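What follows is calculated from the coordinates using simple rules that are stated; it is not laboratory data. Computed from a prediction, not measured in an experiment: that's the story for all the values here. Virtual Cβ from ideal backbone geometry, glycine too; neighbours counted across all protein chains shown.
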Amino acid sequence: MAQEEEPLFTIDGAGHVLSWSPAAGRLLGDAAGSGIALRATAGGDASPWEIRPALVDPRAPRSALERALLDALLSESQLGLVVLDRRLRVVRISAAAREMAGASSPALVGLRLDEAFPLQDPRRELAAAHRLLRTGEPVLSRLVTTLPADRVRRGHFSVSAFRLHGEDGEVLGLAMTLLDVTRRERDRARELTIARVHERVGRSLRLVATCEALADALCHDFADLVVVALTEEAAGGDFAPAEPFDAARLPLRPLAVRAPAGVPPGIRAGDRVTLGDEPVLARALHSRRPVLVRRDASGGGLSADPVRERALRAAGAHSMIVASLAVRGRLLGMLALVRRGDADPYSHADVRTTETAALHATLCLDNARRAAHDRALASPVQRRFLDKVPNAQLGVDAAFVALSPLPQSGSWFDVLPLSGARCALVLGEIPRDSTDALVLKGQLRTALRALADLELQPDELLARLSDTVTHLAEELPGGGAPRTARCTYALYDPVARTVRVACAGHPPPLVIGPDTTVTHLDEASGPALGADDPAPFAMATRELADGSTLVLPSGDLGASLRPESLAGLLAGDATAQDLADSLFTRLAPHSDSTGTALLARTYGLGGDRTACWELPAREESAAESRRLARGWLAAHPDAIGADDLDSADLLVSELVTNAVRYGTPPLTLRLILNRSLTVEVGDSCATSPSLRHARVTDEGGRGLFIVSQLTDKWGTRRVGGGKAIWAEQPLDGG
């Protein structure tokens, strides 16, 4: 019973009171029976709801309400409203929509949609309207762009459209609402431009690539013509000019130019240009702020230079922004942006966008400039470390195979001449290519050449070189240097026709005999240089028949050099370079074939080019050695002249006399005649002689000093349990 006395109301979503209970009617009194429309609103804490008379009666005829609403929308609302018939012709248009179209209402009524509004894509918009008439599915927040007509710039509108029906359900036409979102879309386009610049510019440390990325990012929809030019110094990686500078005479080099197809930009990438008398451009460079230039109503130019102005006019340019590319008080270059044709003229908001993009691009360009500067400084050092064709040595025909570029693989090779017509064959490799690896590579090659001059055996040389790698890696700054290296060292003697070889981290060498049989020198394998492996370095010794080929492969290439890959590649008269070319042709197409290899075809020294005698340990041996040497050399008049023969007599006499006085029998004398004359005197004493300068009163002690004056180089090396003192005399005659 208590619930029946409680006043109850039924209200719709708009707050209109639709019905009420008898108890509620008693509360309303006269209002309940007078037919006055009621409206419920939220009250305070004391009364949650308040019932008041409504301003508009929802039970009034709908046609009158709709007419009032339509009149208000057409005349007073800022929301554009357009009513179209079934042929998409304008029936009614609001004042706001009329202003958006840029024309008077009578001029628009009766026109088709694409005639009333300068649509950017009329075919697309008409198709969407016909689809709405056919399906009745409303279109919500569709973005429509209009071209400049009476408006100064393009317009962007958010359009919603609905199909209109009569009382009998007949389709009468369409109603379209237009909301001007031009400012929102322009701001969005500027944000997208800055986002593209940040995304694309700076991904490369190459100046040209960075300039091209900036031009591509800006010419997307922010500019029709883009020119990115750097100063002559910055384009070459040098320090950019600082204030003060003469902008008119400042040499610039455009590195990126973007223009529409068929439009000559008036400037080409790579040309060297100067600004000349261009006040606008000079102001942009000196002020460090972008400058906006528009073609005025009287047709004023964008450029003071007649040639550039003609090119801009021919392209239809109407506005331009010029920005300097400057960082830390130094000018790197300039950026010029041009809009043409029916594109919106640049605004001051576009100037701010250009300034933001130029700031990011300038930092990226400065990084690329510094990288170019570093590359310019490093290039002479890098070129110094690049390998040349192996030096031609007596008894060795050498070549190399590089399936990966040497500067990137960290590999190097050397063919080093040694005493006694011997030579050292070296193939080295640094695990990775970096600045520290490049430095370590140069130091390691220098150390290896110094150790080779000490006449060490391959296994002993690699042991000392391994200690050197450890010390050099610790001394390099930053700790980023490779800690290990790989190397193969082979010592070839054309007189004895033997090779001694040791490997540090590389696969074992191969010997291809004259009959194309392949032999692996497995016993030469050892740990990498600088490795923690305590295993000693091993050495392999082989006799090589004339025409044999010694192959020193790197770790990557070793697996590809199988006997079946090498069989039949060498013809009887083929050279080492022929084999290198054949290997490259066969292995290069395979993606898993990488690395380098040094190849050397070996030939023994003929018996007529060398002679050896045993000498007694007495004073008369000096005279006897002179007689033997002169007789043997006289048989080679094509190789040695009379003056060289006299010098050879003195050289043989001094070395033999030194061995008789300070050496231990038995004594031997060996002569080797090739591009120079090598004189070797051996004995059984392991003590090496030293060069000293005798005093005026001394009767002896001048022998080795005389030897040093007559020869290009001289030295000692261990032979068995003794030593050999050798000297090389250059030959000018014969």
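Taking amide H as placed 1.01 Å from N in the peptide plane, the amide H of L332 sits under 5 Å from that of L325, A326, V327, each at least 5 places away or on another chain.
Coupling constants for segment 536-544 follow from the phi torsions by the Karplus curve (6.51 cos²θ - 1.76 cosθ + 1.60, θ = phi - 60°), and in residue order they are x, 7, 9, 10, 10, 10, 9, 8, 10 Hz; glycine and proline get x.
Overall shape of segment 607-730 was characterised from the C-alpha gyration tensor. The equivalent ellipsoid obtained from it has semi-axes of 22, 17, 14 Å, in decreasing order. With the biggest extent put first, the Cα atoms of segment 79-214 measure 71, 32, 23 Å across the principal axes.
Report the local net charge at V679: Lys and Arg +1, Asp and Glu -1, summed over other residues whose C-beta lies under 11 Å from its C-beta. The answer is -3.
Give me the extension gain from R142 to S160: residue separation times 0.36 nm, minus the current Cα-Cα distance, reported in nm with one decimal. Spell out each step's value before the answer.
On the way: separation 18, 0.36 × 18 = 6.48 nm, distance 0.63 nm.
The span from R142 to S160 would gain 5.9 nm if fully extended.
Rounded to whole numbers, the Karplus 3J(HN,Hα) couplings from phi for segment 141-148 are 6, 7, 7, 10, 10, 10, 7, x Hz, using 6.51 cos²θ - 1.76 cosθ + 1.60 with θ = phi - 60°, and x at Gly and Pro.
The slack between L179 and E624, meaning 0.36 nm per residue of separation minus the straight C-alpha distance, is 148.5 nm. Peptides 124-134, 717-727, 520-530 ranked from most to least packed give 520-530, 717-727, 124-134, packing being the mean of other C-beta atoms within 10 angstrom over each peptide's residues. Each of the peptides 160-172, 210-222, 277-289, 81-93 was scored by the mean count of other Cβ atoms within 10 Å over its residues; in descending order, highest first, they stand as 210-222, 81-93, 277-289, 160-172. What FRET efficiency comes out for the pair A314/D271, r = Cβ-Cβ distance, R0 = 22 Å, nearest 0.05? Rounded to the nearest 0.05, the efficiency is 0.75.
Computing FRET efficiency as 1/(1 + (r/R0)^6) for C612 and A686, where r is the C-beta to C-beta distance and R0 is 22 Å, gives about 0.60.
Working ranking of peptides 137-145, 174-182, 535-543 by packing, defined as the average number of other Cβ atoms within 10 Å per residue, highest first, is 174-182, 535-543, 137-145.
Within segment 611-656, the trypsin sites (Lys or Arg not before Pro) that combine a DSSP coil assignment with at most 12 other C-beta atoms in a 10 angstrom radius are R618. You can think of it this way: the chain between R86 and K713 has 215.1 nm of extra reach, that is 0.36 nm per residue less the Cα-Cα gap.
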